Amino acid sequence: MSFLAPLFLVGALAVALPILFHLIRRTSKDKTLFSSLMFLLPTPPRVTRKSRLENILLLILRCLVLCLLALGFARPFVQKAFQSNLQAGQGKRIAILVDSSASMRRANLWADARAKAEEVLKKTSPADQVALFTFDRQFNRLVSFEQWSAMGAGERVTLAAKRLADTSPGWASTHLGNALISTAEALQDLEGSDKQQPQLRSKQIVLISDLQEGSRLDALQGYEWPKETELIIEPLKPKKPTNAGLQLVTDLDESDKKAADARPRVRVSNSADAKREQFQVGWTRSGEKGFAGKAVDVYVPPGQSRVVMSPELPPGVAPDRLVLKGDDDDFDNTVYVVPLEAARTKILLLSNDSEKDTAQPPYFVRRAFQETRRQIVQVLTHKADGPLLPTDTEGVPLIIASDALPEEQVKTLRRLLNEGKSMVFMLKTPAGAQTIARLLEIDKLPAEEATTSSYAMLGEIDFQHPLFAPFADPRFSDFTKIHFWKHRRLATNGIPAARVLARFDNGDAAFIQVPVGKGTLLVLTSGWHPADSQLALSSKFVPLLYSLLEQSGGITSRPLQYLVGDMVSLAETNATHTLTVSKPDDSKVELAKSGAFSQTDLPGIYTATSNTKHQTPNSNPQRFAVNLDSTESKTAPLSLEELERLGVPIKLNAREQAKQSEIKKRLADADLESRQKLWRWLVVAALAVLLIESWLAGWLTKRAAVATGN
């Protein structure tokens, strides 16, 4: 017998009241006639040892009524055994997943993570199969299921704990979604390969993490979580839950100031439950704790962020890193900055027209390539009929010609094309087709002036080609507003390996690409100057020229800011040498000529140098900064409802499981009691006893009255 509300049993103590009422008699039953008592005070009788109970049966009935009512209010029911979901004695497959991201570098988190992992390992039975994994941006296997099975039963826990002790949290971001999927798939692969232990039915993933809000869960979108695989969460709580972080807002080249005056902007974010609001941001040197120059005071209320300009550097100090001070945890308080150095490139323009003539092509080319903080393009002009010297073409990736060329220049340009240079030839007149024929080493290339009623438009463009790929977006793909007044009709069927990139609306070729050796020749059958078209006056002209320069290898777009774990491409055009990358911890990594560097596992400044004495202008030492992902600064606890919304079944840890089991037991008891409803029978019994008590009390009263009357 159990009770749903056992506190009501305390009401059974009320049975003492009838007993007291029976023992204490305030007035005497016998009456004696006496004279006037008006001058006397009434005195109740004293309880003495001679007091005794009368009408024992009536007393028992009254006490029984109170006991039955107390039992009824306590809602009794007959208890049944509570069935557990898991069958005892079965082995389990347990995958322990430990967070080793940058946010785990806070105070006590990693020590707590190791302690909880060891606690889970010690609770495993010899029948269990266990694996130990860590994760940040990558998924790492410390102990696989196969390695666990190969170990002796007595040394499994010790060896697994030792491998975890040899690991430490890194600097990468928290890709929780990818880690959960990889762990679930490891459990599924084990189930498919292990046919000798069918008794292992329960599959569990024990996640040990601080579950910070910046964890990435996007990989779980659309992922079907495997059945019978439970996720048990062991959350970690830092001693100091508040945190402030520093992030770089813009790269230096996005500023409209000169390189010498440019200062990066940074964002200071503060957690919602923070107790500090005053911070400082300033420059520091490597190995120094104090600020280099004056710092900037920043006021950030809890739960908000502020964007500020970094302080000015004192003269002679090179920018290295920005540091935030005033925060409890400093793992995300440093931003590394590499100052921008503009890349320089050259373009050779072969034309007999003056650069100052606003009606000729050179005028527009000169003004299209403006000096920017990232790129400085130097346009070198040369007479089309003048001799070309080796110094004129040195370091020039792109050559533009707008007039017919003499034979000596054609030979030089053909050699440069075979070596890998790129060339654009503008067909201003049909006579220029002979220059194209000599460049391609073909006998004859027919060309004529095309006739149009008013103007032609580009009607067919190959947006799959890299030249026009920047215009593939529907917002930029409209070329119909560019009118071509004149163009030349060129017989493309006589050009071997020719590819037409764009055609006019009448079907004539407008842009033709022809490979020549290692290089490329691009033929424009119309000019961009106003006499031929509106191309130079349109918004498409400058992006088109930059696309040409990029395809020629003249623009080397190298980002200076990366995140921990990013792949960095350090390859140069036609590079045949190797590179050496110096990491922030002074270690060095040798790279092949492919230049794909992936060991960006530390925040700081990296330097890549060429291992050859013969360097091109673009092969100077390359410096780039690697910073912490800003999502790691979002250290507020992640809502578990977000995981459940993505279809991940969450099973609570041991303590929470006990609480949850108690709640389920109470609900089961309430349901059982509501079906049995024993309280109704107790109330009916109480009413029945009360009726008997009333009848007995009345009968005894009448009997006493008859006895007194006699």
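Readers should treat all values here as calculations from the given coordinates under stated rules, not as data from a laboratory. Given the structure is predicted, the values throughout are model-derived calculations rather than measurements. We place every Cβ from the backbone using ideal geometry, glycine too, and count neighbours over all the protein chains shown.
Label points 7 Å out from Cα along the Cβ direction at residue 13 and residue 476: separation in nm?
8.4
Among the aspartates and glutamates, which fall within straight-line cross-link reach of residue 588, defined as a Cα-Cα distance under 16 Å, with same-chain neighbours fewer than 8 residues apart omitted?
Answer for residue 588, where 16 Å is the Cα cut-off: 601, listed by chain and number.
In whole Å, what are the extents of region 317-396 along the principal axes defined by its C-alpha atoms, from largest to smallest?
In descending order, the Cα extents are 71, 30, 19 Å.
Run the quick spin-label model on residue 460 and residue 318: label points 7 Å from Cα toward the beta carbon, then report their separation in nm to one decimal.
It is 5.5 nm.
Restricting to bridges with both residues inside region 343-551, how much of the DSSP beta-bridge set is antiparallel, in percent to the nearest 5?
Of those bridges, close to 45 percent are antiparallel.
Any chance you could run the full-extension gain for residue 389 through residue 341? It's 0.36 nm times the residue separation minus the Cα-Cα distance, nm to one decimal.
Gain in length upon complete extension: 14.3 nm.
If R0 is 30 Å, what FRET efficiency do you get for residue 356 and residue 506 from their C-beta distance, rounded to 0.05?
0.30
What does the convex hull of the alpha-carbon atoms of region 514-555 project to on average, in nm²?
Average of the hull's projected areas for region 514-555 equals 3.4 nm².
Between the DSSP loop rule and a limit of at most 15 other Cβ atoms within 10 Å, which GluC sites (Glu not before Pro) in region 389-461 are left?
Sparse-neighbourhood loop GluC sites (Glu not before Pro): 394, 441.
How many percent of Cα pairs in region 343-551 exceed 30 Å?
15
Using 1/(1 + (r/R0)^6) with R0 = 30 angstrom and r between the beta carbons of residue 442 and residue 419, what's the FRET efficiency to the nearest 0.05?
0.90
Please state the charge dipole magnitude for region 343-551, taken about the Cα centre, from unit charges on C-beta atoms (+1 on K and R, -1 on D and E), reported in debye and rounded to the nearest 20.
Here region 343-551 has a charge dipole of around 440 debye.
Karplus couplings for region 305-310 from phi (6.51 cos²θ - 1.76 cosθ + 1.60, θ = phi - 60°), rounded to Hz, Gly and Pro as x?
These are the phi-based 3J(HN,Hα) values: 9, 9, 9, 10, 7, 5 Hz.
Neighbouring Cβ atoms within 10 Å as the yardstick, rank 104, 567, 309 fewest first.
By the 10 Å Cβ count, ascending: 567, 309, 104.
Based only on other Cβ atoms within 10 Å, what is the fewest-to-most ordering of 128, 330, 357?
Lowest to highest Cβ neighbour count: 357, 330, 128.
Return the aspartates and glutamates within reach of residue 383: Cα separation strictly under 17 angstrom, same-chain partners fewer than 8 residues apart disregarded; answer none if there are no such residues.
353, 355, 357, 392, 394, 403, 407, 408
If you take the beta carbon distance between residue 469 and residue 273 as r and set R0 to 30 Å, what does 1/(1 + (r/R0)^6) give as a FRET efficiency, to the nearest 0.05?
Step by step, r from the Cβ atoms, then E = 0.05.
Which length gain, in nm to one decimal place, applies between residue 607 and residue 224 when the Cα-Cα distance is subtracted from 0.36 nm times their residue separation?
Result: 133.5 nm gained on full extension.
Are any of the pairs 346/518; 240/583; 346/540; 237/275 more than 26 Å apart by Cα-Cα distance, and if so, which?
Beyond 26 Å between Cα atoms: 240/583.
For residue 150 and residue 578, compute 0.36 nm times the residue count separating them, minus their Cα-Cα distance, and round to one decimal in nm.
Gain on extension, residue 150 to residue 578, equals 149.8 nm.
Ranking 135, 463, 479 by Cβ neighbours within 10 Å, fewest first, what do you get?
The most exposed by this proxy come first: 463, 479, 135.
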